[in-house]
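Read the figures in this text as sums done on the coordinates, not as results from a lab. The shown structure was predicted, so the numbers you read here are calculated from the model rather than taken from an experiment. FYI the Cβ positions are ideal-geometry reconstructions off the backbone, even for glycines, and counts take in every protein chain you see.
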Amino acid sequence: MLKESVISELQKIVGKDNVLTAPEALKAYSYDGTTSWIHEPDVVVFPTTTDEVSRIMKLANAEKIPVTPRGGGTNVSGGSVPWHGGIVMVMTKFNKIVKVDKENLTATVEPGVVLQDLTLRLAKEGLFFPPDPQSFLGATMGGIISENAGGPAGVKYGVTKQYVLGVEVVLPNGEVIHLGGRTLKNVVGYDLLHIFISAEGTLGVITKAELKLNPLPQARKTLCVVYDDVSVAGEGVFRVLEHGIIPCKIEMVDNWVINRIEEMMPIGLPKDADACLLFEVDGIPEVVEKEAQKIAEITKQYGAKEARIAKDTDDANKYWLARRAGFAAVFGKAKQVFAEDVTVPRGNIPGFVNRIRELAKKHNVEIVVLGHAGDGNLHPAVLTDPANKEHYERALKAVDDIIESAVEFGGVLSGEHGIGLEKQKFMRKVTEPAVINMMKGIKALIDPNNIMNPGKIWE
């Protein structure tokens, strides 16, 4: 429990309406997008300015109160769960798009800006922010930067860190600093900017960001490529790329996901397919047409049963709506779903997918596969029920084996969801002690009282 004097001081900083202590409010901010980890804060605070964030941090640092920054709460690794209680600092009211600079292809945003709102605003100027996490309807820019989010477009455009030119950050002691800038090139001293990108809120609070933008492509084309074997679909990914075509998206869904999507929203996906790859190419209209045709030829040459080219935008939108509905389809079919986030080299996708199927048989659990196959970032999902303790234990072992297998296949623990609470034991297991000690040293230097999102990443 926080002292009444602390609650009173928080109310002075942000106003009484922006300080919540009611039981239902504390419950609402005790979990993230998975509900796998739950811990209530002592208070929920909504700042709207950098000065307010700074004053909150000064108070928290003086009183040694844990602070967990939070955006839309869409993250799925426990990163925004207040594991040590204290203050949850919710940034959703700190949400202005400060500036869109079409001449320099940049935008200045506050941390609470929802990605979808930014996307719609930029489209009016013929621009876009390429990273596109599937939670874009609720994900906020502060969280997207803190998690270094990716998404389907990562295969061509990369991830968030490649589109952040600069940030304003409030440090744990309340000091406000500015890292990076507004220019594409910047080699002034150590690259401290990228320490805060993907730090999962453990080093400071991002209060403003300067983003790099791209012009909207003139044309897009979508293909749905059908396979009788999911491992052959995995091969199709790198076969297309090795022929010199870089689609902006290559997504994979397996048979189980296909059928659940068709149950939810029938759009004509082939229910008998072992897997489908969804491709999107973008750019100059003439090039897009040729690349779409070439992808159809290449994939059929390397084992695809069928390659369907979307007839028009509406047809294409159906496919991408189905892909976005994939996780909803999965989560709707089990009491609990362990939706993993691992990345392997693209050439190892076939072997890794086969390993996942072997693990499903080994542990006698349902494991479904979908994800961003174009950059090797897959999301195997293990379905279970906590009420069935024996099944639940088998599911946990399957999760461990999936993560260890990804590393065995030359991959990494997390492609875009972060470490949070979920993967700490694996972080310690596969990361050299010297590297973890370096991270701990940086943390201790910036946050000596360990108040910024404590309990995450390696603890």
Exercise. Give me the distance between the Cα centres of the stretch 182-256 and the stretch 84-116, rounded to whole Å.
Key: 21 Å
Exercise. Using a Förster distance of 30 angstrom, determine the FRET efficiency expected from the C-beta separation of R357 and M438, and round it to 0.05.
Key: 0.20
Quiz item: Of C276, A322, V225, whose Cα points farthest to the positive end of the dipole of the stretch 219-327 (charges on the beta-carbon: +1 Lys, Arg; -1 Asp, Glu; origin at the Cα centre)?
Solution: A322
Exercise. Any lysines with Cα under 17 Å of the K361 Cα? List them, leaving off those in the same chain fewer than 8 positions away.
Key: K397
Quiz item: Hey, how many Å between the Cα centroid of the stretch 362-381 and the Cα centroid of the stretch 259-293?
Solution: 19 Å
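Treat every Asp and Glu Cβ in the chain as -1 and every Lys and Arg Cβ as +1, leave all other atoms uncharged, and give the resulting dipole magnitude about the Cα centre to the nearest 20 debye. Mind dumping the intermediate values first?
On the way: 52 positive and 59 negative charges, 80 e Å.
Result for the chain is approximately 380 debye, rounded to the nearest 20.
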Exercise. Starting from the Cα of V287, step 7 Å along the direction of its Cβ; do the same at N450; then give the gap between the two resulting points in nm.
Key: 5.1 nm
Self-check item: Per-q log10 I(q)/I(0), the stretch 199-268, q = 0.11, 0.24 Å⁻¹ (Debye; single scatterer per alpha-carbon; no solvent)
Solution: -0.55, -1.12
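Ratio of Rg to Rh for the stretch 333-418, alpha carbon only, Kirkwood?
On the way: Rg = 12.2 Å, Rh = 12.7 Å.
Using only Cα positions, Rg/Rh for the stretch 333-418 is 0.96.
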Self-check item: At 1.002 mPa s and 20 °C, Stokes D of the stretch 171-287 from Kirkwood alpha-carbon radius, µm² per second
Solution: 116 µm²/s
Quiz item: Using bins 10 angstrom wide from zero, how does P(r) for the stretch 219-327 break down, in % of all Cα pairs?
Solution: 16, 52, 30, 3
Exercise. Sort 257-266, 343-352 for me by packing, meaning the mean count of neighbouring Cβ atoms within 10 Å per residue, highest on top.
Key: 343-352, 257-266
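Per 0.36 nm of contour for each residue apart, how much would the distance between K429 and Q11 grow if the chain were fully extended, relative to their Cα-Cα spacing? The partial results should precede the final answer.
Numbers: separation 418, 0.36 × 418 = 150.48 nm, distance 4.31 nm.
The span from K429 to Q11 would gain 146.2 nm if fully extended.
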Quiz item: Over the alpha carbons of the stretch 264-346, what is the largest minus smallest coordinate on each principal axis, giving the biggest first in Å?
Solution: 47, 32, 27
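Across all directions of projection, what mean area in square nanometres is found for the Cα convex hull of the stretch 9-73? Could you put the intermediate results ahead of the total?
Values: hull surface 18.3 nm².
Quarter of the Cα hull surface area: 4.6 nm².
Ranked highest first by average number of other Cβ atoms within 10 Å, how do 108-118, 68-78, 90-100 line up?
68-78, 108-118, 90-100
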Quiz item: Hey, quick one: spin label on Q116, modelled 7 Å out along Cα-Cβ, who in the stretch 284-321 has an amide N within reach, i.e. under 20 Å?
Solution: 314-321
Quiz item: Rounded to the nearest whole Å³, what is the per residue volume of the convex hull around the Cα atoms of the chain?
Solution: 148 Å³
